[in-house]
Amino acid sequence: MKEIGEEVSNYPMNRTIIWKSRTRSFQYYIIEEGFYPPKPYLAYTRMPNHYPIPDNYVVETTYGKNKKTVTCFINYYNEKPYYKIKFGQDESECVYSGLSPTAVANSYLKAYNKKVADKERIKNLNFQGPIPTSKIDGIHLFGLQLLQIKSVRDSMKMTRNVKPFSEITDRMQIIRNKNFSIDILTRFKNQVEQHFNLKDKVVVNELVFKVNDSRFRIVYQPKEDDEMSRQLAIIQIMDNNLISRSTYRALAAIIQELPREGAISKELHKINHIMNENIPIHSIELQSLSESGLDDGLEIHITDPEIIREVESLLGKGATRSIKDVLKFLIPSMIEKGILNYSESTLHIRISGDGRNVGHRVKHVMVTFTILNKMNIFNSDSHFALLIYPGAESYNTLKIALISLIADLDDIKTGFTDGDGHQWNIELYFSADWKFLSICLGHKAANCTNFCLWCSIDKSQNGILETNGERQDYWSISKNIEEINQNYKSIPGHKYPPLFPMIPIHNWVVDELHLMLRIFDRLWTLVLSELRSTRSFNDQVRQTITSEMCRIHVKFNFWENQETKTWQFTSLAGNDKLKVLQNFNLNVVFNPQRAAIIRELWDGFIDLYNDMRSLTISGDQFHQKARQWLKLFLTRSQGNINSPEFVRGLYRPTDLTPYIHVLVYHVPEFIDIHRNIGLLAFSCSGVEKKNHDHVLHFFQRTMKDGGSENQKSAIVEIMECENRFNFFYTHNTLTDFKKDTTINNYSDAE
């Protein structure tokens, strides 16, 4: 006879079910409701109850006055149900049966009573009581009589008869997926109580699944609070790594977890608007000058035809930002980062310029500033662009383009007041390659008679160290910026007033990187010229040089210009030039004696270059070493050229370059004058990298606003990018976002 009872629950919303009759009650927590197997092997309990027995069923049952709790399991094996009851933590506290729920229930009760009796004997050695032989109904212990869970299982059987997903309309697919997601969410919430502490905040954000070949994403929660930070971080990463909008759009189409490109673009425009209010971008019109062509023989930095066309299309256009606006925006963050300190109230501001050779006809010119107090000047992000334009790297063009910067520097040279009202002292510097330095000083080209930017030497005096045993080469910084500004016409070598007369002449400092590069170029050219002059520059020697370059891991080749019939060779980058100086085996092209003296010269220059970058050497020590090196460079030949005793010297005074003169005579002065910051602070590698990267990135049509007709010019985009660099400098956006922990739980079927 069936026992009449009442079920109290709202299953499946709540997985707890209470079943009560007149004489007893059970509380069930449904861990897995399981399902009914196919009819051919679906088992039932004995009559008169005849309850169907589910597969993959797990329930936690609490019963009796003492509220005993057991976990009951039913699983089918070989089309037959098997029962398990777990009443403790150890494997020994489990019982099994393939007979019936009641059989395993009574086995459990027997094992449980024995366990209780054994514990009592341990406590009381005189305990002689019998082990209880009570019985329990397995149907109720397993909860097989529960009607609400039976209806859920029956509904699961009915779903097998629903229409295939591909045969219903799009609207019905959405409805089915929503109902499915609600059921999954309900099951998830019920499972949380079994697997987590009540204090744990466990939520499901998304459900991703596939039906046939269609992928669906169910979103349960609104975007997290850090979603905006993630979008800002993505914009910063795109700027830092020169990722175009079209590239990101393609990635977002593949990687569903990425925010849509439209959302990113919206935030980017917000940042641009905020920054344009703080640091306005001003367009400038420059006259189209015929002097925009490059000198023959100069290295072409950009050769991409598309980029060249884009740059040439913007000739006469430019953009500027005010250094005062940038400083007001950045100073609070620099104080927070420890770069600036109110107790050290002098800002050391370095202006720099660079011109990238884009094709044979035009340059892309960029003028920047950095703060030398504590910034990493080798990082291109530490240099802030103030002016950009495509056109001529010439005095007349720069004079027009720099009008606003010149006015700003003239205004702040005696002090600058930041946004908080704090007064800063200002020390201004200028550093660039020789050409940019000479243009901004209003000086003639480096091949003029009075070539030096800092002293009055002329070519006829260059390389004369002594006359009749008396030293002649006392060259030091003798020019004065005020005098140049007022009397430039009467000062040999100068033809225009300086563009930055507010910067003292001793603060116009040579770029140590270009000094190394250009002196290497001269040393390498002299080696090749010597091979040509001795008629040793043949195919075999060229192959030997190429092989030696390969040995030291430098990519290098010779090729013959078909028009001029001259041999040309690979232009090396800075790191490769250092490799050649340090590692090239000169013995492969010269006899041992000749190779040794050239190697001595090269090693000496490497030592000087390292000393120049050191903070420990004094100017006098450096000058003594540099002058000895110069003497070696100018070693004269000994004996008659036709005599067996003839010893070939090295090079002539006419082989000297302006950079060698500066190395020997003015670098020692710069070492002492700028000891507190060091000559490394005047390296322009970061400026060159910034200019080069901007040209490559922004002057490709595919990099601009998706190719739309209303796209901005690359010049404006570069300056907006610079503004965003400043924005992110003041916002710690790239925080360490917590990563999802991936747990692979593939089923065997997959």
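Read-outs: derived from the displayed coordinates by stated rules, not from any lab. For clarity, every value in this text was computed on a predicted model and none was experimentally measured. So basically every Cβ, Gly included, is an ideal-geometry build from the backbone, and we count neighbours across all protein chains shown.
A compact table of results
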| item | result |
| --- | --- |
| Residues Met228 and Glu79, FRET efficiency given R0 of 60 Å [Cβ-Cβ distance, rounded to 0.05] | 0.60 |
| 0 to 90° range, to nearest 10: angle between helix 227-240 axis and the chain longest Cα axis | 30 degrees |
| Packing-based exposure ordering (other Cβ within 10 Å, fewest first) of His273, His692 | His273, His692 |
| Residues Tyr41, Tyr651, sorted so that the one with the fewest Cβ neighbours within 10 Å comes first | Tyr41, Tyr651 |
| Given charges at beta-carbon only (K, R positive; D, E negative), |dipole| of the chain in Debye | 3600 debye |
| Over 22 Å (Cα to Cα) - which of Lys270/Lys690; Lys178/Lys210; Lys266/Lys739 fall in this group | Lys270/Lys690; Lys266/Lys739 |
| Cβ-placed point charges (K, R +1; D, E -1), dipole of segment 6-158 about Cα centre in debye, nearest 20 | 520 debye |
| Amide hydrogen neighbours beyond the local backbone of Lys68, cut-off 5 Å, H modeled | Tyr63 |
| Whole-Hz couplings from phi, Karplus 6.51/-1.76/1.60, listed for segment 556-571; x for Gly and Pro | 8, 8, 9, 8, 9, 6, 5, 7, 8, 6, 10, 8, 10, 9, 4, 7 |
| Using alpha-carbon coordinates, inclination of helix 323-336 to the longest axis of the chain, degrees | 50 degrees |
| Helix-only mean residue ellipticity at 222 nm for the chain, each DSSP H run of n ≥ 4 adding -39500 (n - 2.57), per residue, nearest 500 | -12000 deg cm²/dmol |
